[in-house]
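Single-structure report; data block below.
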Amino acid sequence: MEVTYYGQSCFGINIADKSIVFDPFITDNPLSKNTILNNIACDYLLLSHAHGDHLGDTMYFVNKGATLVSIFEITDWASKQGAASVHPMNIGGSWQFDFGKVKMVNAIHSSGFPDGTYGGNPCGYVIQSFEKTFYYAGDTALTYDMKLIGESFKLDFAFLPIGDNFTMGIEDAIKAASFINCNKIIGMHFDTFGYIEINHQEAVNKFKHAGIELILPKIGETFSI
Ligand code: NI
Ligand code: MN
């Protein structure tokens, strides 16, 4: 499975012949502003919550024909902006898409649009694709609910926020990896702003010490997993 990192919590993943993009904060991200949106294929956009550093270029992709999958309040907002293809979900629900089965799971955070509009609850996703099963945590604190994910799924890898201040930091993310029973973690939500800058080597070493592989991709990097 091919994964491309576009900065903050934005990843593009190819599953079979579909392109899935998570949390497309690209144009306004000072670290990824040279990325050309037009080069990013997107059949499905999965959005974790409405904060600006996740919502980002959502309407760009939706207006180009991507299907927006998110919590009801966000898809409703997008429909009112003219989105042609949305799939509303809510926490605890699953749906079989043509790239795999998606379960919307809990995230402990907040969610409002940049203009103050209510964004519903924040969420994460577990995706059982035809190739791999993985968890995309969105912005979240460490929560005991993550144990349910570890009990219910055999994860091949997981995307966890590690930048601290707004989400889990490194120590809590290591605990989260054990709760979800997964030893291959892709870090996200780090370095974009001063509040969330991390020491990469220290982070990788702490995970390694706990027997967990931490991948910290470079922006623009495509890697196989
Ligand atoms: Ni947030
Ligand atoms: Mn965020």
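Per-residue Karplus couplings for the stretch 121-130, computed as 6.51 cos²θ - 1.76 cosθ + 1.60 with θ equal to phi - 60°, are listed in order as 8, x, 8, x, 9, 10, 10, 9, 7, 6 Hz, Gly and Pro entered as x.
Based on C-alpha pairs under 8 angstrom that are at least 6 apart in sequence, the chain has a relative contact order of 18 percent. Note on the stretch 93-122 and the stretch 191-220: Cα centroid distance 25 Å, given to the nearest whole angstrom. Charged side chains reduced to their Cβ positions (Lys and Arg at +1, Asp and Glu at -1) give the stretch 3-77 a dipole of some 220 debye around its Cα centre. Only Lys, Arg, Asp and Glu carry charge here, each on its Cβ (+1 for the first two, -1 for the last two); on that basis the stretch 51-190 has a dipole of about 380 debye about its Cα centre. Springs between Cα atoms under 10 Å define the GNM used for the chain, and in it the highest mean-square fluctuation of HIS54, HIS109, HIS209 occurs at HIS209. The three principal axes of the Cα atoms in the chain give end-to-end lengths of 49, 37, 34 Å, sorted in falling order.
Between 0 and 90 degrees, the angle of helix 200-209 with respect to the longest Cα principal axis of the chain falls at about 60 degrees.
Extension gain, TRP95 to ALA141: 0.36 nm times the residue separation minus the Cα-Cα distance gives 14.1 nm. Pairs from the table (LYS103/LYS175; LYS33/LYS206; LYS80/LYS218; LYS33/LYS147; LYS80/LYS184; LYS18/LYS184) lying more than 27 angstrom apart at Cα are LYS33/LYS206; LYS80/LYS218; LYS33/LYS147; LYS80/LYS184. Packing around the peptides 154-163, 78-87, 56-65, 15-24, taken as the average count of other Cβ atoms within 10 Å per residue, puts them in this order, highest first: 154-163, 15-24, 56-65, 78-87. Please name whichever of PHE99, SER9, GLY138 sits farthest to the positive end of the charge dipole of the chain, dipole taken about the Cα centre and charges placed at Cβ: Lys and Arg +1, Asp and Glu -1. Final value for the positive-end residue is PHE99.
Considering all alpha-carbon pairs of the stretch 81-147, what whole percent are spaced by more than 17 angstrom? When all Cα pairs of the stretch 81-147 are counted, 50 percent exceed 17 Å.
Relative to the current alpha-carbon distance between ALA84 and GLU171, full extension at 0.36 nm per residue lengthens the span by 27.2 nm. Bridge orientation summary for the stretch 1-152: considering DSSP beta bridges with both residues in this region, about 70 percent are antiparallel.
Counted residue by residue at 0.36 nm each, then reduced by the alpha carbon distance between them, the extension gain from PHE193 to ASP17 reaches 59.9 nm.
Read-outs: derived from the displayed coordinates by stated rules, not from any lab. Just so we're clear, the structure is a prediction, and the values are computed from it rather than from any experiment. Positions of Cβ are generated from backbone atoms using ideal geometry, with glycine treated the same way; all protein chains shown enter the neighbour counts.
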